[in-house]
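Here is the structure we will look at, set down as structure tokens.
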Amino acid sequence: LTLLCIAVCTHLPTEHRSSRALTLFAFATAAWTVAAALMRLYNPVTPRSLLDNLVLRAIAAGVTTGVVSLFTGTVAAARDALAAKDFFALLFLTGAVGRLLIFKPLSRFAKPMQDVLVVGSGHLGLSTYESLTQAPIEQRCRVVGFLALENQPAALGPEVPAVLGSSERLLEVLSEQAVSEVYVAGRVTEHGYEMQEVVSTCERVGMPFALPLHSLHFERAHLLSSVAARDGYLHYMQSLYKPFQVGCKRLFDILASTCALAVLSPLLLGVAWAIKFSSSGPVLFKQRRVGLHGAGFDLLKFRSMVINAEELKEKLMAQNEQTGPVFKMQDDPRITSIGRFIRKYSIDELPQLINILRGDMATVGPRPAVLKEVAQYKAWQRRRLSVRPGLTCYWQVGGRNSIGFEDWMRLDLRYVDNWSFAVDLQLILQTFPAVLAGRGAS
């Protein structure tokens, strides 16, 4: 799409090229994003045959071409170079050929997209494991293990993941193992009470879960309706799924982080130079943090402390000024002279724009916690891990270190329960005055 926009704009009159190029790219991107989101073109949990994918891709290409032609006139203005029908044909063919000849063959070497946990080690659990691991690559999951329901086997064989204990260990296993979803492979008539406990635990910690669609497991029979779940399960999330807004959020994160890194590059280079020549040690501080559903990632920050800060932290724990498992100290002796300034105005957080671009984080979301802190969370506090962590949230705009730990967690859950793209934009606008004032920073 980007290359086609460039091709069109190179044939426009010079005096109109830059303005029309921006207009064309904005409308084309918006049209394709909306069309793809409405048709769930890129949704990995929606099964697509080759014909389905090509038809939907053609519709998206047609919508994009129509919107561009109707609202910008750019394609019409450059009809000698690239007529609307050519724009449609090239957009459809490049996408289809790229999928068939490049991405589909490469997908055979890809690892499963999601790690899941199966509760139930009986026949249904085993068949669920087989269907998840033998599905097409875009739908395939890696089963990290099983939890047994009452009167079910404690082992399933050498080639099958281990049974990690009974279903009562669910919360403990979720604390130790990052998974994207929990499959509850049980029969309500036999394991109704245990299944209810599993569902209640998943709801408490914000973990998506799936329940069997049928009380019986069929070998050949199919539902006449086309709304049947692809794997025989009904999938539940802890909040209302908003696919279009999710797409807008990710698109915004990519564009915002890219533009911010470009615009702020002189500041980033200046801070890096100041850190390098003011104290010994690396410029960037890399620390393992907990992300979506407990998955770990390496968070990047400008180093604002001495190089042995983690060792000194243990000696300073008695002077912790924050409640709960978080360590905060107003006059932390580990902070360098440059570090105190960049922490006050949150400049030390700017390298996390790279984390946002990678997809580890979002622009807005609960702050990513360290592993030791998450290990001490109560069950209801783990629900903040059900969304992708972010650079700013209610805690940052509300006073940061002046807010107690319990209130901090409740603010994060307020975000989780009421998220929308509009809320994100509101929090971003509120972040700028909070950061410039250095409110609540230490």
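Scan region 343-354 and tell me whether some residue there is outside any helix (DSSP H, G or I), under 24 Å from the mean Cα position of the chain (by Cα) and not polar (S, T, N, Q). If you could, list the steps in order and put the result at the bottom.
Of all residues in region 343-354, those outside any helix (DSSP H, G or I) come to 345-346, 350-351.
Then drop every residue that is not under 24 Å from the mean Cα position of the chain (by Cα), which leaves 346, 350-351.
Now narrow it down to the ones that are not polar (S, T, N, Q): 350-351.
Yes, region 343-354 has at least one match.
The residues of region 181-213 that are closer than 25 Å to Phe297 by Cα and open to solvent by 40 Å² or more (accessible area, probe 1.4 Å), listed by number, are Glu203, Arg204.
Checking region 397-408 against the condition returns no match, with no residue being touching a strand residue (DSSP E or B) at 6+ places or on another chain (Cβ under 9 Å) and either part of a helix (DSSP H, G or I) or within 28 Å of Ala272 (Cβ to Cβ) (or both). Of everything in region 134-161, what is among the small types (Gly, Ala, Ser) and open to solvent by less than 60 Å² (accessible area, probe 1.4 Å)? Give them in sequence order. Of everything in region 134-161, those that are among the small types (Gly, Ala, Ser) and open to solvent by less than 60 Å² (accessible area, probe 1.4 Å) turn out to be Ala135, Gly145, Ala148, Gly157. Scanning region 29-88 for residues that are under 29 Å from Tyr233 (Cβ atoms) and either modelled with pLDDT under 60 or outside any helix (DSSP H, G or I) (or both) gives Arg40, Leu41, Tyr42, Asn43, Pro44, Val45, Thr46, Pro47, Arg48, Ser49.
The set of residues from region 420-440 being crowded, with 18+ Cβ neighbours inside 10 Å and modelled with pLDDT under 90 comprises Thr431, Ala434, Val435. Filtered by the rule that a residue be surrounded by 14 or more Cβ atoms within 10 Å (Cβ to Cβ) and either assigned to a loop (DSSP other than H, G, I, E, B) or acidic (Asp, Glu) (or both), region 240-286 gives Lys242, Asp253, Leu264, Ser279, Gly281, Val283. Only residues that are farther than 10 Å from Gly120 by Cα and assigned to a loop (DSSP other than H, G, I, E, B) were counted in region 135-150, giving 6. Residue pairs whose Cβ atoms lie under 7 Å apart, sitting 6 or more positions apart in sequence or on different chains, and linking a residue in region 147-175 that is of a type in the set (A, V, I, L, M) and modelled with pLDDT under 90 to a partner that is assigned to a strand (DSSP E or B) and open to solvent by less than 70 Å² (accessible area, probe 1.4 Å), are Ala154/Ala148; Ala154/Val163; Ala155/Val163; Leu156/Phe146; Leu156/Val163. Considering region 329-348, and only residues there that are surrounded by 15 or more Cβ atoms within 10 Å (Cβ to Cβ) and either of a type in the set (Phe, Trp, Tyr) or within 20 Å of Trp408 (Cα to Cα) (or both), the residue that is modelled with the lowest pLDDT turns out to be Met329. Of the residues making up region 162-178, those that are farther than 23 Å from Val290 by Cβ and buried (at least 17 other Cβ atoms within 10 Å of the Cβ) are Val163, Ser167. Close contacts from region 194-213, counting a first residue that is over 17 Å from Ser121 (Cβ atoms) and a second that is crowded, with 22+ Cβ neighbours inside 10 Å and of a type in the set (Phe, Trp, Tyr), with Cβ to Cβ under 7 Å and a gap of 6+ residues or different chains, come to Val199/Phe209; Cys202/Phe209.
The values are calculated or read from the model by the stated rules, or taken from the named source; none is laboratory data. A quick note: this is a predicted structure, and the numbers were derived from the prediction, not measured. With ideal geometry, Cβ positions are generated from the backbone for all residues, glycine too; neighbour counts draw on all protein chains shown. To get the accessible areas, we keep the full protein, side chains included, count just its heavy atoms, and leave off ligands, DNA and RNA. Shrake-Rupley method; radii C 1.70, N 1.55, O 1.52, S 1.80 Å.
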